[in-house]
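The values are calculated or read from the model by the stated rules, or taken from the named source; none is laboratory data. If you're wondering where the values come from, they're calculated on a predicted model, not measured in any experiment. Neighbour counts are summed over all protein chains in view; Cβ atoms, including those assigned to glycine, are modelled from backbone coordinates with ideal geometry.
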Amino acid sequence: MSELPNIPGDFLSLLANQRLTPLKLESLESAPVETQATTVFALQFDGGVLMAGDRRATAGNNIVTETVDKVLEVDAISLLGIAGVPATAFEMARVLQSSFEYYRRSQLQQLSLSAKVRSLARLLRENMPMTMQGVGVVTPIFAGLEGARGARSSQPQIYFYDPLGAQFHAVSYAASGSGSNTIRSILSYQQRFGNPRPDTMEMKRAVQFALRLLNIAAEFDSATGGVNPETNHHATIKILDENGVKSVTPEQQAECYNL
Amino acid sequence: MIEEPYRWLEAVANRREYVQDQIKSGTPVFAVSLSAGIALIGVGSGDSKVFELFDRHALAGLGHPADLEKIRQALIDAAHTEAFTRAPEDVSLRRLVGFGVSPQLKNNFEQIFNAPYLVELVLAELGANAGEDSLVRLHYDGSYQIYNSGVVAVVPASESEAEAQRWLNEQVSGSTDVRSVVDLSLQAWWCLSQGHAFDDAIPSQEERQAGWRSLTEQRTVEIGWLARDSQRHACYAGLTLSDLGL
């Protein structure tokens, strides 16, 4: 951190000036069983990007909680879906939230989408020692709208990462976490052969589709929590369209679930 | 020059005169606490008078743009550092001003070999309800007054400021409508720009409204709105006249 140049509008530079270091975690030989967050995914639908996640966190065989929010609003036009170790992932989300808002307020303009995508890659790279030790692994997905002045695209875009920080642009969908293989398979099939394809679904149909995807992932992966409005088990679902981020409330989810 | 107390006092007095002379052509800004939020109003060139500081905090000011920018950046840095190391709820205007920018301004003003800050400011903090809002009138020498409701005007001349603030408080009293409050503030802005006193001889409402419309044609009316019912952490939004139907 102390080697960072002092870049105007850069929150990590501000922290370095104040001698504050985020994400400085130390691992122990006798590290406890780490808590893991599980399944998140994002897909393009007719009205923008939908990002969803189950709400279960596990540590080994234990279910730690069923109320984690893994889809986070980083700013008014960016979403982050976290999979991996929540301690690190939530700290990354907090750093990103502070960074993007700090830049927007101090520089009086939005950070470009490319810079936001790279900011997350940079945090993942800084977390590499923890990743290589097998603790603190985070594999997030990111969705954002280009907010920089003079931007060419007003369509929200989806990105996914590997644990070392490589970033990839997803054309139609991305998924991460232990239930993601199931979800990716279904999304791949549905996007190629489905009718309707996810990218042509209207919002309510896309929400229903997302809830069903989570339930199917939960069938095959014990670390993914299912969805059932009758027992008050909901997902976290957020929509990113050209106007910014909106949350899909539990009531709206229940309505879509029973379409 | 500063070996003798009298010389030092004289130097400070000269400095006060110099600052007041430098900012006398500055254009007024206003902050108004309403039941639905806080409005900050100024007329400039866009992003020049009214600024977002943090989730529930905003600033409006007049003076030298470079000095305004330095103070704005210092406040944004302090607020974000505080929020990151503690929590966003711990960012308080009283602390930002009382322990942050006010002592720095005072120090700077009294260090007579340094260039003084040429600024007059109002800072706003949105509370949970209207009675818990904070409006801080901060001066170039670091002195400040805290208000919890009503209107705060920032005008280069202190007599005009008191008059404008009194008139606006009377006019705005009981109003809950952002549109009418912005309109009234711009009427006061026009009166101040044209040197009209806020007494019985004040021009009619129609004249005042036509006046501010005409005078702002080549300028940007900057309106910051801290919305109390915002669903997001960041409660600030920049509004335009057309957003308000003006």
Among the residues listed as A:ALA93, A:ALA121, A:ALA170, A:ALA115, the single one being closer than 19 Å to A:THR38 by Cα and out of contact with any Cys (no Cβ under 6 Å at 6 or more places or on another chain):
A:ALA93
What is the number of the single condition among (1) away from every other protein chain (no Cβ under 14 Å); (2) surrounded by fewer than 24 Cβ atoms within 10 Å (Cβ to Cβ); (3) more than 19 Å from A:VAL40 (Cα to Cα) that A:ASN127 does not meet?
(2)
Assuming B:ALA60 fulfils every condition listed in (1) closer than 25 Å to B:ASN169 by Cβ; (2) surrounded by fewer than 20 Cβ atoms within 10 Å (Cβ to Cβ); (3) of a type in the set (A, V, I, L, M) apart from one, which condition is it?
(2)
Checked A:THR182, A:THR224 against criteria (β-branched (Val, Ile, Thr) and part of a loop (DSSP other than H, G, I, E, B)); the one match is A:THR224
Filter region B:52-61 for residues that are more than 8 Å from every other protein chain (Cβ to nearest Cβ) and in a strand (DSSP E or B); the one that is farthest from B:GLY127 (Cα to Cα) is B:GLY61
I'd like to know if region A:90-111 contains one or more residues that are more than 14 Å from chain B (Cβ to nearest Cβ), of a type in the set (Ser, Thr, Tyr) and farther than 19 Å from A:SER180 by Cα.
no
Mind checking whether some residue in region B:154-169 is within 21 Å of B:LEU226 (Cα to Cα) and of a type in the set (Gly, Ala, Ser)?
no
Would you confirm whether any residue within region B:62-81 is away from chain A (no Cβ under 14 Å), of a type in the set (Val, Ile, Thr) and closer than 25 Å to B:GLN231 by Cα?
no
Failed criterion for A:PRO196 (all others in (1) closer than 28 Å to A:VAL64 by Cα; (2) part of a loop (DSSP other than H, G, I, E, B) hold):
(1)
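Consider B:ALA87 carefully, then state whether it is under 24 Å from B:SER158 (Cα atoms), aliphatic (A, V, I, L, M) and either within 18 Å of the chain's Cα centre (by Cα) or within 14 Å of chain A (Cβ to nearest Cβ) (or both).
no
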Return yes or no: is A:GLN190 within 13 Å of A:GLN44 (Cβ to Cβ), in a helix (DSSP H, G or I) and without any contact (Cβ under 8 Å) to a residue 60 or more places away in the chain?
yes
Cβ pairs under 9 Å, 6+ apart or interchain, first in region A:156-167 and more than 15 Å from A:MET92 (Cα to Cα), second among the acidic types (Asp, Glu), ordered by first then second residue, are A:PRO156/A:GLU146; A:PRO156/A:ASP241; A:PRO156/A:GLU242; A:GLN157/A:GLU146
Residues that are in contact (Cβ under 8 Å) with a residue 40 or more places away in the chain and part of a helix (DSSP H, G or I), drawn from region B:1-48:
B:TRP8, B:ALA11, B:VAL12, B:ARG15, B:ARG16, B:TYR18, B:VAL19, B:GLN20, B:GLN22, B:ILE23
Can you work out which of the residues in region B:185-202 that are part of a helix (DSSP H, G or I) and either buried (at least 19 other Cβ atoms within 10 Å of the Cβ) or touching a His at 6+ places or on another chain (Cβ under 8 Å) (or both) is farthest from the other protein chains (Cβ to nearest Cβ)?
B:CYS191
Filtered residue count, region B:203-246, keeping only those that are of a type in the set (D, E, K, R), without any contact (Cβ under 8 Å) to a residue 12 or more places away in the chain and within 14 Å of chain A (Cβ to nearest Cβ):
1
Limited to region B:35-51, what total is found for residues that are buried (at least 23 other Cβ atoms within 10 Å of the Cβ) and within 14 Å of chain A (Cβ to nearest Cβ)?
3
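Restrict the check to region B:184-191 and report whether at least one residue is within 30 Å of B:ALA79 (Cβ to Cβ) and free of Cβ contacts under 8 Å to residues at least 60 places away in the same chain. Working first, answer last.
Initially, region B:184-191 is screened for residues within 30 Å of B:ALA79 (Cβ to Cβ), giving B:184-186, B:188-189.
When the remaining residues are screened for being free of Cβ contacts under 8 Å to residues at least 60 places away in the same chain, the result is B:184.
Looking for residues that are within 30 Å of B:ALA79 (Cβ to Cβ) and free of Cβ contacts under 8 Å to residues at least 60 places away in the same chain, one finds at least one in region B:184-191, hence yes.
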Within the group B:THR176, B:THR216, which residue is surrounded by fewer than 20 Cβ atoms within 10 Å (Cβ to Cβ), of a type in the set (Val, Ile, Thr), over 17 Å from the mean Cα position of the chain (by Cα) and modelled with pLDDT of 95 or more?
B:THR216
Does region B:219-235 include one or more residues that are in contact with a helix residue (DSSP H, G or I) (Cβ under 7 Å, 6 or more places away or on another chain) and assigned to a loop (DSSP other than H, G, I, E, B)?
yes
Would you call B:VAL32 closer than 26 Å to B:GLN231 by Cβ and within 14 Å of chain A (Cβ to nearest Cβ)?
no
Out of (1) modelled with pLDDT of 95 or more; (2) of a type in the set (Asp, Glu); (3) surrounded by fewer than 22 Cβ atoms within 10 Å (Cβ to Cβ), the one A:GLU91 does not meet is (1)
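When you scan region A:175-186, do you find a residue that is among the basic types (Lys, Arg) and surrounded by fewer than 20 Cβ atoms within 10 Å (Cβ to Cβ), even just one?
yes
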